[in-house]
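Taking it in order: structure first as structure tokens, then the write-up.
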Amino acid sequence: MLRAIPDKLFGVMVMGGAVMILFLLPWLDRCKVKSIRYRPMLHKVLVALFCVAFVILGWLGAQSGSDAQKLVAQVLTAFYFLFFITMPFWSAMGQTKAVPERVPSHD
């Protein structure tokens, strides 16, 4: 993410925001169930895409950086933040699978 942002100060702020947004994760997730096993397919696909974007951003950060790599890093940085910003909406959508009786409920 630092290489994706041309301004150094703004790049450091984006990097700090990328870490700080993780602290908001418990409040951003609006799904009724917590296990990914019982969540809708949309959630599983978005988490998989997030993991791919995270790994690619890490790899791009270790590269020397060309214009194409910078563009990919900017797109993936936008996806990183949009994943968390839109999470309250898409995590509440979809039909979850029924949780078995053997799993205790801690409401």
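Every read-out reported here was derived from the displayed coordinates using simple, explicitly stated rules and does not represent laboratory data. Keep in mind it's a predicted model, so treat the numbers as computed, not measured. Cβ coordinates were reconstructed from backbone atoms using ideal geometry, including for glycine residues, and neighbour counts include every protein chain displayed.
Every condition in (1) surrounded by 11 or more Cβ atoms within 10 Å (Cβ to Cβ); (2) of a type in the set (S, T, Y); (3) over 12 Å from the mean Cα position of the chain (by Cα) holds for S64 except the one numbered (1).
Here are the criteria: (1) touching a residue at least 60 places away in the same chain (Cβ under 8 Å); (2) among the small types (G, A, S); (3) in a helix (DSSP H, G or I). Tell me which single one G65 does not satisfy. Single failed check for G65: (3).
Looking across region 27-55, the residues that are in a helix (DSSP H, G or I) and more than 13 Å from the chain's Cα centre (by Cα) come down to W27, I36, R37, Y38, M41, L42.
Restricting attention to region 5-21, does a residue exist that is surrounded by 15 or more Cβ atoms within 10 Å (Cβ to Cβ), in a loop (DSSP other than H, G, I, E, B) and either in contact (Cβ under 8 Å) with a residue 24 or more places away in the chain or at positive phi (or both)? Checking region 5-21: at least one residue is surrounded by 15 or more Cβ atoms within 10 Å (Cβ to Cβ), in a loop (DSSP other than H, G, I, E, B) and either in contact (Cβ under 8 Å) with a residue 24 or more places away in the chain or at positive phi (or both). In region 89-103, the residues that are under 9 Å from R30 (Cβ atoms) reach residues that are surrounded by 11 or more Cβ atoms within 10 Å (Cβ to Cβ) and basic (K, R) with C-beta atoms within less than 6 angstrom, at least six apart or across chains, in these pairs: S91/R30; A92/R30. Taking the conditions (1) part of a helix (DSSP H, G or I); (2) crowded, with 16+ Cβ neighbours inside 10 Å in turn, W59 satisfies each one other than (2). Looking at (1) within 19 Å of D7 (Cα to Cα); (2) exposed (fewer than 11 other Cβ atoms within 10 Å of the Cβ), which is the only condition P104 fails? Every listed condition holds for P104 apart from (1).
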